[in-house]
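Here is the structure we will look at.
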Amino acid sequence: MARVQPINKKARRVDADTLATPLAAAAAPDAAAGNDVVALQQGGAPTGPNIPLGCSFVFSPGWEVDSSGGTAGLCQPVERDLYDCYITCFWPVHVPDLYNHAPDWTAKCAAAQKDWRKIDLIFP
Amino acid sequence: MIDGTATAEPQTVSRRSTRFRRGEFHAFAGDGAPFVYMTPSAAVYRLDDASVAVLDTLAQGDCSPDELAQALRSRFPLPEVKEAIEELVRIRAVEAFLETPRKAPPAELPAPSPAALQRASGKRVPLSTLVMNVTSKCNLSCAYCYEYGEDRLSEASDKPRFMDEPTARASVDFMFAESGDQKLVNLTFFGGETLLNFKVLKAALGYARERGATLGKRVEASLTTNATLLRSEIIDWLVENDVGVTVSMDGNKEQQDTFRVFKGGMGSYGTVAPNVKELLARHTRRPVGARVTLTKQNLDVRSIYDHLAHTLGFWEVGFAPVTTSWQRDYAIQEDGFYDMLTQFQSLAAEYLEFALAGKRHKFSNVRDTLEEIHKGLNKSHPCGAGMGLMGVATDGDVALCHRFAGSDAHKLGTVHGGVDHDKQQAWLAEHHIATKTDCKTCWARPLCAGGCYHEAHTRYGDTHRPNLHYCEWIRSWTNTCLEVYGTIAAKRPEFLQQFD
C-alpha cells in the first residue's frame, strides 16, 4: 500500500490477509451492489470475507425450545428474540427503527443475556 | 418467532450511492508522523498526508466520494485521494456504506450470542503457567497486602498455611496433565513468602524437572520473594536451577520501610538490601526484576526507579498501583493517579531516548506494553487467568490465578481431581470482553480488556466488572506507549525486532 504503511506485526498480517480483496471493490460497494447482500440460493457465497446472517444459520439451543422440546425452560429471556431478530436478521420485528428514530436503542446492550433489561421501550 | 421460511426481502440497494464514514481507531503521533491504532484488529499503521486529510474530513461527518474529492481537491490530486480512501477502507479506518438516511454514527457490531461466546471461549487452552502458592504465611506485615491485609479474599484460618510435599507433587502432575502438547511449561512459586516453604518449593521443582525430562517438556521456573530470607545457599540453588526471581520491593530505605515491615513494625530494608545485592551479583543467568507496589504514601516513581535500577542494580523495575478498595488510607486517589501518570510518562520518555540510542532501559511497564502493541495483541480476556494460567492454593485447590488461590468462590477444581472444564468455560464466556458493556466504545480495549479480575473484585466485589476507576489512566498510558512505539518505528525500527 502506498499511502498507509503497516507498522506492527498485526498490521502486516492484516495486510497479507486482505491483499486478495481488490482495493477498488472494497471501497465501492455500490459497484458491487449485487454482491453486498446475497441469498445463498442465488449461487453460493460471494468471494472474500462474508458473514452468513440469520437465525436459521445459528444453532442457539435454549432460544426457541428448551432441552425437552418445550418452552418452559428457555435459557434466554424472551426479550432477546427482539434484539437478535433485529440485529442479525432482516426480519422486521416490532422493534424501534435504529436508523432514524432510536439510534441508541441498543447502545447499552453489549450482551443481551446480561443487559437485556437496558433495552427500553420506545414510544413513537 | 421467525424461521428459515421467512421471506422478508432486503430492499433493493443498487440505486443508493456510496458514502464514507470513519471506522473505529485511535490516532496518535510518533516523531511528528501520524499513526493509527485500529481498535478491532490492534494493527498499527503509519499514514501519509492524503490519508490524514481524508480522515480529518470524515471527522466532520459522513461524505460521498464527490464531497470528499471536492473537499480535498485543492490539496491533493484526485488519484491520490482515491488511493488513500481505498487503502483506508481496506484497513477499516474508513467504512464504505450505502446511503441510508440516518442520524447516528456507525452502527455497532451486533453483540455475539451466548452460544457464539461459548464457542469463542470454548477452545481448550492448554495450561502454560502454574502458579503454586507454597505458603500463605509471610514474615512481613505489609498493611496493603491482599493476601493478609484488609482486602484479603480467603479466611486464612480454614486452609493449611503451608503446602505439603504430596500436594506440591500432585500440583506438578496436574500441571503436566493440563499442559496438552505444550513443550514448555512455566512453574511459578508464590506466597505468602515463598522462601518460608523453601523445602517444599525445592522438592517441587526437583520433581517437575524430573517429570519434565521423562515427558519431554521443558520446565521454566520462577519465584517471587520479599528477599528477607535469601541466604547464600538459597542463592546457590536459584543459580544452579536457573530460577527466575522477582523481588517485591518498594524503593529506598524510607520508601521500603513505609509499609514493608516485620511483624513488630521494624522496617525490612536493612535486611533486604544486602540480600538483593548478593543475589544480583551472583544470579546473572536470569534477569532479576523488582516489582513495586505504589501507594498514596509512596508515589515518587522516579526516585524509586533510580534506587532500584541504579543503586541496587535490578535488571528491570515494574510498577503497579496497590490493589485495594478506594477508602483505604493507602489507596491512590484521583490526583495520585494523575501524578503517577506524569511520572510514568517521564520515565517512558527516557525509555524512548535509550531505545533510540540503542541502549536498554529498565522500566518494564513500557517494555511490556510495547511488546503487546508490536504483536498486535487483541485480548478476549484481560489476562491468562483461568485460561493458560492457574493458581494452586496450599491445600491443592485450583483457582483462576495466584491472587484468587484459596478462595472457594473462584475455585476451578483441584490438583487431585483436575479442572472442572464446564465451570472454566462458563467462567471464560461470562468474562469475555464482549460482555463488558462499558468497554464497547473504548479504543484501548484490545490491550486492557477491562483490567485485572482481582482488582475488580476488590474494588467492586465482582470479577465481571471492568475497572472503570482507571479507564482514563489506561487510555492515557496506552497512548503514551503508542507514541513511543510510533517514534521508535519511525527512527529506529530495528529496535522493535526484539519483540518479533
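Here, each number is a calculation from the coordinates, and none is a lab measurement. Predicted model, so just to flag it, every value in this text is computed and none were measured. In this analysis, Cβ positions are derived from the backbone assuming ideal geometry, glycine residues included, and neighbour counts consider all displayed protein chains.
By counting other Cβ atoms within 10 Å of each Cβ, how are B:Lys359, B:Lys277 ranked from fewest to most?
If I rank by nearby Cβ atoms, fewest first, I get B:Lys359, B:Lys277.
Name the lysines eligible as straight-distance cross-link partners of B:Lys296: C-alpha to C-alpha under 20 Å, and not fewer than 8 places from it in the same chain.
B:Lys253
For B:Arg209 and B:Lys491, compute 0.36 nm times the residue count separating them, minus their Cα-Cα distance, and round to one decimal in nm.
Residue separation times 0.36 nm, minus the Cα-Cα distance, leaves 97.1 nm.
Relative to the longest principal axis of chain B, what angle (0 to 90°, nearest 10) does the C-alpha long axis of helix B:165-178 take?
Between helix and principal axis, roughly 20 degrees.
Using the 10 angstrom Cβ neighbour count as an exposure proxy, how do B:Phe76, B:Phe354, B:Phe190 rank, fewest first? Spell out each step's value before the answer.
Working: B:Phe76 19, B:Phe354 16, B:Phe190 24.
Listing B:Phe76, B:Phe354, B:Phe190 from fewest to most nearby Cβ atoms yields B:Phe354, B:Phe76, B:Phe190.
Is there a pair in A:Lys118/B:Lys423; B:Lys137/B:Lys423; B:Lys137/B:Lys277; B:Lys137/B:Lys159; A:Lys9/B:Lys379; A:Lys118/B:Lys436 whose C-alpha atoms are over 21 Å apart, and which pairs would that be? Please list the in-between numbers first.
Values: A:Lys118/B:Lys423 27 Å; B:Lys137/B:Lys423 29 Å; B:Lys137/B:Lys277 25 Å; B:Lys137/B:Lys159 11 Å; A:Lys9/B:Lys379 15 Å; A:Lys118/B:Lys436 14 Å.
Among A:Lys118/B:Lys423; B:Lys137/B:Lys423; B:Lys137/B:Lys277; B:Lys137/B:Lys159; A:Lys9/B:Lys379; A:Lys118/B:Lys436, the Cα-Cα distance tops 21 Å for A:Lys118/B:Lys423; B:Lys137/B:Lys423; B:Lys137/B:Lys277.
What does the average come to when, for each residue of peptide B:80-92, you count the partner chain Cβ atoms lying within 10 Å of its Cβ?
Mean shielding by partner chains, rounded to a whole number: 6.
Please give me the summed charge of the neighbours of B:Ala204: other residues whose Cβ is under 13 Å from its Cβ, Lys and Arg +1, Asp and Glu -1.
+1
Give me B:Met38, A:Met1 ranked fewest to most by other Cβ atoms within 10 Å of their Cβ, as a rough exposure proxy.
Sorted ascending by nearby Cβ count, the order is A:Met1, B:Met38.
I'd like to know which of B:Ala50, B:Trp237, B:Met132 lies farthest towards the positive end of the charge dipole of chain B, counting +1 on Cβ of Lys and Arg and -1 on Cβ of Asp and Glu.
Farthest along the dipole direction, towards plus: B:Trp237.
Rounded to the nearest 20 Debye, what is the dipole magnitude of chain B about its Cα centre when Lys and Arg each give +1 and Asp and Glu each give -1 at the C-beta?
Once rounded to the nearest 20, the dipole reads 560 debye.
Could you tell me what percent of the DSSP beta bridges with both partners in chain B are antiparallel, to the nearest 5?
45
What does the net charge come to around B:Asp31 if you take all other residues with beta carbon closer than 11 Å to its beta carbon, with K and R at +1 and D and E at -1?
Values: positive: B:Arg46, B:Lys491, B:Arg492; negative: B:Glu483.
Charge balance near B:Asp31 sits at +2.
If you fit an axis through the alpha-carbon atoms of helix B:471-491 and take the longest principal axis of the Cα set of chain B, what angle between them do you get, 0 to 90°, nearest 10?
Its long axis makes an angle of about 80 degrees.
Just check segment B:18-98 against the gyration tensor rule for me: Cα atoms, a ≥ b ≥ c as the square roots of the eigenvalues, rounded for a/c under 1.5, and otherwise prolate or oblate depending on whether a/b exceeds b/c.
oblate
Under unit Cβ charges (Lys, Arg +1; Asp, Glu -1), what dipole magnitude, rounded to 20 debye, does segment B:373-439 have relative to its Cα centre?
Around 340 debye, computed over segment B:373-439.
About its Cα centre, what dipole magnitude does segment B:365-500 give when the only charges are +1 on Lys and Arg Cβ and -1 on Asp and Glu Cβ, stated in debye to the nearest 20? Intermediate results must be reported in sequence, preceding the final value.
Working: 14 positive and 16 negative charges, 83 e Å.
Taking the Cα centre of segment B:365-500 as origin, the dipole is about 400 debye.
Along Cα→Cβ, 7 Å out, is where each label goes; now give me the distance between the ones at A:Leu19 and A:Val38 in nm to one decimal.
Those two pseudo-labels are separated by 2.4 nm.
Check cross-link reach from B:Lys491 to the aspartates and glutamates: straight Cα distance under 13 Å, and skip same-chain residues fewer than eight apart.
B:Asp31, B:Glu353, B:Glu483
Sum up the charges of everything whose Cβ sits under 10 Å from the Cβ of B:Phe363, counting Lys and Arg as +1 and Asp and Glu as -1, but leave B:Phe363 out.
-1
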